[in-house]
1. Select from region 284-309 the residues that are basic (Lys, Arg) and within 23 Å of GLY321 (Cα to Cα) and write down the one among them that is surrounded by the fewest Cβ atoms within 10 Å (Cβ to Cβ).
2. Looking at region 241-253, I want the residues that are over 15 Å from LEU383 (Cα atoms) and modelled with pLDDT of 90 or more and have a partner that is exposed (fewer than 14 other Cβ atoms within 10 Å of the Cβ) and among the hydrophobic types (A, V, I, L, M, F, W, C) with Cβ atoms under 6 Å, at least 6 apart or on another chain. Which pairs are those?
3. Please go through region 198-228 and give me each residue that is in a helix (DSSP H, G or I), within 26 Å of ALA79 (Cβ to Cβ) and open to solvent by 70 Å² or more (accessible area, probe 1.4 Å), ordered by number.
4. Identify, please: which residue in region 128-165 is surrounded by 22 or more Cβ atoms within 10 Å (Cβ to Cβ) and of a type in the set (Phe, Trp, Tyr) and is, among those, farthest from TRP116 (Cα to Cα)?
5. Restricted to region 249-283, and to residues that are open to solvent by less than 50 Å² (accessible area, probe 1.4 Å) and under 13 Å from the mean Cα position of the chain (by Cα), which residue is nearest to GLU235 (Cα to Cα)?
6. Among helices (runs of 4 or more DSSP H) lying entirely in region 261-378, which contain 3 or more residues that are of a type in the set (A, V, I, L, M, F, W, C) and closer than 28 Å to ALA393 by Cβ?
7. Which one of these is crowded, with 22+ Cβ neighbours inside 10 Å, modelled with pLDDT of 95 or more and not aromatic (Phe, Trp, Tyr): GLY68, GLY104, GLY99?
8. Please pick out the residue among ALA114, ALA79, ALA91 that is touching a residue at least 12 places away in the same chain (Cβ under 8 Å), open to solvent by less than 10 Å² (accessible area, probe 1.4 Å) and within 20 Å of ARG226 (Cα to Cα).
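The values are calculated or read from the model by the stated rules, or taken from the named source; none is laboratory data. These numbers were taken from a predicted model, which means no experiment stands behind them. Note that each Cβ is placed from the backbone with ideal geometry, even for glycine, and that neighbours are counted across all protein chains shown. These area figures cover heavy atoms from the full protein model, side chains too; ligands, DNA and RNA do not enter into them. Shrake-Rupley method; radii C 1.70, N 1.55, O 1.52, S 1.80 Å.
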Amino acid sequence: MHVTLPLSIRTGAFWQGFAALLLAFGVAQLLLQVDVVMLGQRAPGSPGAYVMLTRLVLIDLVVTMAYGAVASVTIAHAAREGDASLAIRRAMGLAGLIGVLLLGAGWIAYPLLAPWVAGGDATLVRMLELAIPWFVVGAPFRMLNACAAFALHATQRGAWVVRWKLCEVALKVVMNVVFLDLWEAGFAGCFMASLLVHAVSTCWVLWHLRRQTGGLPAFPPLGWSRKQVVESAWEAKRILALQLLGLLTISLFASPMISTVTTARLDAFAAGLALAMFVFSPLAAFLRFLAIRFSGRSAADLFVLMRELLFYGVPAAVIAGLLLSWGQHWLGRAVYAQEGAWWSVFVWSLAFSLPVRVAGTVLRAGLQSRGGFNEVAKTDILLGWGLGLPVIAVGLGLDLPILAYAFLWLPEVAVVAWLALRYRATSTAGDSPVAAVENS
C-alpha cells in the first residue's frame, strides 16, 4: 500500500486531512460530553464520580494517546515506502498486547487507588469500585480502536474515521439509554455501555483493516516492538508531565501559602484556562497531523514543508492573537463574566503565546516525524517545569499577573529557541526551517 502525501500546504488535500483529524479529536470529546450529560440527568453525583474515574485512569489514557501518536508516524513512514499493510498489522498486534498489559495493571492498581482519589468518601468509592472492572476490561479494545484510527489517518482515510466515530457516538447514546434507563444499571451502566460499544466498534474496524491490509494483527518482531515502546514511553512521559504541570499550576493559584487567595483571581484564572484549552486544542491535533505528514520525508522536503508552514502560520497566529487581545473585554463581559487585571493580562499573555506555540508545534512535529520523541519530551518537561512553575510562584507572591502568566509563553519561547538550535546543528542556515521564523 503506497500513499502519496501532498508536499505543499497550499493544497486542498493537506487541509482536508487536518480537518478530518481535528473533527475526529472533537468527536472523541463528544463521547465524554454524552456520558457526563446523560449521567447528570439520571443520577445526581455521577458526573463528579465520572471525572474522578478519569483522573484515576490517567495512565491508561496517556498510554493510549502516546502509542497512537508513535504508531501513526511509523505507519505514515511505511506508507510512503509502499509497505503500510505490514506496519498496520504489526502496530495493531502490539496495541493488543499493550492493551492486555493495561488490563492486568488496572485490575490490580485501580481498586487500590480508588479510595485515595475519592478522598475517602464511601459513596464515591463504591461507585468507582462498581465501574472500574468494566473500564479495565475495555483496555485492549480502546488500544486497538485508537491505533486503528491513527492508522487510517496515516493512510489518508481521515474522512472515513470521522464517519466511523460519529457512528460510535450514536451507538453510545443508544447503549446508555439501554443500560441507564432500561436496565437501571446506574453509574456502572455507563461503562458497561462503553465496553460494548468499543468491543463492537473494534471488531468492525479489524474486519475493515483485514480487507485493507490483507491480514489480521500480527505479532511484531522484538526489535520493532522495542523501538515503538521506547518512543511511546517518551511521548507518554511528555503528555503525563504536561497533565501534572496543569494540576500543579491550579494548586499554586489556590494555595494560601504563596499569597492571599481571592475569589476574583481564581475565577479569572479558571475562565482563562477554559479559554486557553479552547484556543490550544487545535494545536494538539495539528501536532499529530504534521508528524504524520512529515514522516518519511527527505530532509530537503521536510525543510520545505516546515519553512512554508512557519512562513504562513506565524503571521496568521499573530493576527489571531491581535484579534483575541482586541476582543478581551467583550469575551470578559459577554462570555466569561470577568474583568480586571488578572483577566485582561491572561488574555494578553495567551494572545502573545499563539505565534510562539504555532512555531513550536511545527518544530516538534519535525523532530517527532523522525523518531525524536525523546528529545521533544525532555525539552518540554525540563523547560515547562523548570521555567513555568517558578514564574507562577514568584508572580503570585508579588501579586504581578504579568509575571505569573508568563508561564503561558516563557517556556514555549525557550522550547522554540532550543529546537531552532537543534535544527541549525543538522542543516545549513539557508536550508533551515527556522529561517522562516526570523523572516516572519
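1. ARG307
2. Once the first residue is over 15 Å from LEU383 (Cα atoms) and modelled with pLDDT of 90 or more and sits in region 241-253, no partner that is exposed (fewer than 14 other Cβ atoms within 10 Å of the Cβ) and among the hydrophobic types (A, V, I, L, M, F, W, C) comes close enough.
3. Hits for region 198-228 are CYS203, TRP204, TRP207, ARG210, ARG211, LEU222, ARG226, LYS227.
4. Ranking the candidates gives PHE150 first.
5. Of everything passing the filter in region 249-283, LEU283 is nearest to GLU235 (Cα to Cα).
6. Ranges flagged: 263-294, 341-369.
7. Only one candidate qualifies: GLY99.
8. From the options ALA114, ALA79, ALA91, the qualifying one is ALA91.
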